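The values are calculated or read from the model by the stated rules, or taken from the named source; none is laboratory data. Bear in mind the structure is a predicted one, so any value in this text is a computation, not a measurement. Cβ coordinates were reconstructed from backbone atoms using ideal geometry, including for glycine residues, and neighbour counts include every protein chain displayed. Just the protein is used for accessible areas: all its heavy atoms, side chains included, with ligands, DNA and RNA removed. Shrake-Rupley method; radii C 1.70, N 1.55, O 1.52, S 1.80 Å.
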Amino acid sequence: MMQVIADGLVAASFITLGVVGLSMIYNILNFPTFAQGDHIAVGAYFALGVVALAGTAGSVAGLSFGWPLILGLFCAAVLTAVVALALDRAIFAQLRRRDASRISLIMASFGVALMLRYMIVMAAGHDPHYYAFAITPALNLGGVRIQPNELISIAVTVAMVVGLHLFLTRTWLGRSMRAVSENPTLARVNGIDVGRVVRWTWIIGAGMAAVAGVLLGVVVQIHPFMGFELLLPMFAALIVGGMTNIYGAVLGAVLIGLAEALTIRYLAPEYRQAVSFIAVFVVLMVRPQGILGEKP
Amino acid sequence: MDVLSYLVFFLVVAGIYAVATLGLNLQWGFTGIMNVGVVGFFGVGAYTAAYVTGPNYPDAFGGFGLHPLVGYLAAMVVSGAVAFVVGLPTIRLKHDFLAIGTFGIAICIQLVAMNWKSATRGFDGLHSLPKPFAAAAGSPFAANLAYLVMVVAIILLVTLALERMVRSPWGRMLRAVREDETASAALGKDAFRVRLQTFVMGSGLMGLSGALYANFTGFVSPQDLLPIFTFQVFVMLVVGGSGNNWGAILGAVVIWGLWTATETVLSALLPPGLQQQVAAVRIVMVGLILVAMLLLRPQGLLPERRNVSPEARLKP
Amino acid sequence: MSAPVPHLAVDDLVAGYVPDVPILRGMTLSVATGEIVTVLGPNGAGKSTLVKAVAGLVPARSGEIRVKGGSIRGLATHRLVAAGVAYVPQTENVFTRLSVEENLELGGLSAPAEVRARMAEMYALFPDLARLRRLAAGRLSGGQRQMVAVARALMARPHLIMLDEPSAGLSPKLTEMVFQKLEEVRRTGVTLLVVEQNARAALAISDRGYVLAEGRQRFTGTARELLSSPEVGELYLGTRTRLAS
Ligand SMILES: Nc1ncnc2c1ncn2[C@@H]1O[C@H](COP(=O)(O)OP(=O)(O)OP(=O)(O)O)[C@@H](O)[C@H]1O
Ligand SMILES: [Mg+2]
């Protein structure tokens, strides 16, 4: 049982890093972007590029990677943020300016998602990649077997969520984001530059997605659909936890991760994604606003 | 003769897409509800038709060997029923929930088709489905031509029915529901009912499209259930003109034409062994078309004919 | 001697939410430094649109808006605070999910130390808020919210503050209190433009007033003149009684 919880938390860490951005983008730009999954994959491939340039993923302290990949992680976060900003500028900002409907935004994001996914295929093909082939021995923590890489994933996720919490509550920009997500007009009246907040939302959302991608690549593998496969679990976490609440999204991610681990262990691994969908359904029937969401 | 037979083949497939695009138009174009899982309903229709009309598979469920027309009806009913189940909890909520719900159901349907091997034969798919007219027509060309005539007849029937419906008082209600998500919440029960009705009917058309496909190719497999299909139908509707049934048909033909043409051109231009890249370039290109249309000509090639007063269009 | 430059001057302003549907159709108004000026008018007259246009939330199609002689027409809304102009919207004027304190902090566009000092002043002006500082603003009563909204607007030390129906939904007693606070605010050297339905209470603290109807100025005069004008009474109450008897 403890093993299932550990596996669930590992799965939850990738979902969390992706869904936090999804939630921020949803609340500030007002639409669920179907491209968030592919931001994850884009990030993983950027880091792969850096590792390829360095010639090695390196190795430190019993991990299967070292400084080249850590450098790759930073580059991936920055470059993915740049990609997201460029896409916003070229597409989503234009649609907003034209007062396009939310459906148009969703559709455009679906198109962007496919384009990103298949640009990766164009550049790197369908075959899976790995940052390194080094096998690291699993740790045994009181009967629970866990890879050092997996522990790192959980630790990085916790650190980033705590950091984001401090950012949102303690800094002016963070508070501005919460303000814009609630009431953009009043935020402008308060002297908040909504355009700047939107840009930072993409930067943080896509940057964290890229980190998720690199960690997922380290723990599992890198392939063009790795992010797309996380999209349904992320949406599920968003709905389960409550669309309007970023902490709800984190809670949702943990629940979905645990549910997936349970399914893999006791039911059928191939139906892992279906679990998310069923969770969405149950929640929508019982509590449409999600666990931590407010009544609309 | 070769070109002609290719043209017939091409038009049948475009027509099958057109049926699904008409379904999405009813949902998105007229009622403003989002369906990101078009391929799921298409897939339900295709597999339903396969079970209803197919031979008795020793290693999978079903195979009732019934007439394809029965298959078409069954496909519409079953896809509509799936839509009903998905729509019931999500459709009264904001658009986002239906978008996510339909996206999820499409993925689940593909998972089932891939993994529930004792019912679906997994990636081996369901084969040897009856092709109408194949025996009677004599040659494959004549059979395809006959199929084309049938598909065109179905499209005309569907389009005329839809045109009548959207011009009725019920159709005006669709627009009222579409124009304002929040105001339609105030319409309450009626808005909910109208949305659910169009969602079920539109998904039924997507199911019909799947059935037409299954009995045309004689084979269905999880390979037919990729998200690309949803994306293609999106682009067809946006390019043709959402809110215009004839636009939906035009969009299907234009985009399917571009899709097949680019494959030919790219395969000729690029060195062999790059099939993956060809497929990818094509998707990226069509993605650019979608985005460019949304930005530059959101009304599409054939814009909706409005009979709504301009004031009703104002944003709050 | 030339006339002093008005603090706020709106000149022949045409503005509306969508092209070709002007809501303001040539509105003219001026507020002198240190004045309280009230804008009255029936529902849908365009009062909120007027202040929104000054705040840059509704595009001006023609005409001019000047603050202390400098044009602010076309200025992005978020730059208004830095220009010393604050605006309290008619509805949704607090961030309900943020605490009272966070609401105030967001209003203060300056260094943290300055924000602290200013917040202390606000708590002195509205002692009730000090008690409620940790509470989410969404859980406050209507009157308390209105105080948060006004305090938030004052945080950045504006020299001009525009309030859209500050007494909406308040009991007569609270209304009186809010207007009393506004007078106190004026004494600190702030110029006020107040949109109100509650003509009597607003005019009681105002120097002058305007009556807006169908997007244009219908009357203007001193508060006393408006209170005793039968036309204003008619426009307001639908009867030929005067507001002040
Ligand atoms: N967001 C909007 N989009 C389009 N038209 C609007 C919008 N807001 C207001 N209007 C229209 O502008 C006109 C003036 O509205 P405004 O809110 O300025 O009136 P008001 O004088 O403030 O009324 P009230 O006393 O009810 O607050 C009305 O006809 C209204 O329908
Ligand atoms: Mg108003």
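Quick notes on this one:
- Hits in region C:183-214 - residues which are assigned to a loop (DSSP other than H, G, I, E, B), more than 16 Å from ligand 1 (Cβ to nearest atom) and in contact (Cβ under 8 Å) with a residue 12 or more places away in the chain: C:Gly189, C:Val190, C:Ser206, C:Asp207
- Condition broken by C:Ala83, with the remaining ones in (1) more than 14 Å from chain A (Cβ to nearest Cβ); (2) touching a strand residue (DSSP E or B) at 6+ places or on another chain (Cβ under 9 Å); (3) among the hydrophobic types (A, V, I, L, M, F, W, C) satisfied: (1)
- Among residues of region C:86-98 that are within 16 Å of ligand 1 (Cβ to nearest atom), those with a beta-carbon under 7 Å from a residue that is part of a loop (DSSP other than H, G, I, E, B) and open to solvent by 10 Å² or more (accessible area, probe 1.4 Å) at least six positions away or on a different chain give the pairs C:Gln90/C:Glu165; C:Gln90/C:Ala168; C:Glu92/A:Asn183.
- Test: residue in region B:166-185 that is of a type in the set (S, T, N, Q), open to solvent by less than 70 Å² (accessible area, probe 1.4 Å) and over 23 Å from B:Gly32 (Cβ atoms): no
- The criterion of at least 3 residues that are open to solvent by less than 60 Å² (accessible area, probe 1.4 Å) and closer than 16 Å to C:Leu163 by Cα is met, among strands (runs of 3 or more DSSP E) falling completely within region C:1-117, by C:24-31, C:36-40, C:85-88.
- Qualifying residues in region C:19-48 (those that are within 14 Å of chain B (Cβ to nearest Cβ) and touching a helix residue (DSSP H, G or I) at 6+ places or on another chain (Cβ under 9 Å)) - the one farthest from ligand 2 (Cβ to nearest atom): C:Val21
- Across region B:244-262, the qualifying residues are those that are within 14 Å of chain A (Cβ to nearest Cβ) and surrounded by fewer than 24 Cβ atoms within 10 Å (Cβ to Cβ), and the one among them that is nearest to B:Ala46 (Cα to Cα) is B:Trp259.
- Odd one out for C:Ala149 among (1) free of Cβ contacts under 8 Å to residues at least 60 places away in the same chain; (2) within 14 Å of another protein chain (Cβ to nearest Cβ); (3) within 16 Å of ligand 2 (Cβ to nearest atom): (1)
- Flag for C:Arg208 being surrounded by 15 or more Cβ atoms within 10 Å (Cβ to Cβ) and among the basic types (Lys, Arg): yes
- Every condition in (1) away from ligand 1 (no atom under 13 Å from the Cβ); (2) not in a helix (DSSP H, G or I) holds for C:Arg224 except the one numbered (2).
- The single residue among A:Asp99, A:Asp127 that is open to solvent by 80 Å² or more (accessible area, probe 1.4 Å), within 14 Å of chain B (Cβ to nearest Cβ) and modelled with pLDDT under 90 turns out to be A:Asp99.
- The helices (runs of 4 or more DSSP H) found wholly in region B:37-130 and carrying at least 2 residues that are open to solvent by 30 Å² or more (accessible area, probe 1.4 Å) occupy B:68-90, B:95-115, B:117-120.
- Pair list, Cβ under 8 Å, 6 or more apart: region B:88-105 residue more than 7 Å from chain A (Cβ to nearest Cβ) and farther than 22 Å from B:Gly43 by Cα, other residue open to solvent by 10 Å² or more (accessible area, probe 1.4 Å) and outside any helix (DSSP H, G or I): B:Lys94/A:Pro296
- Condition check for B:Gly207: under 28 Å from A:Phe110 (Cα atoms) and in contact (Cβ under 8 Å) with a residue 60 or more places away in the chain: yes
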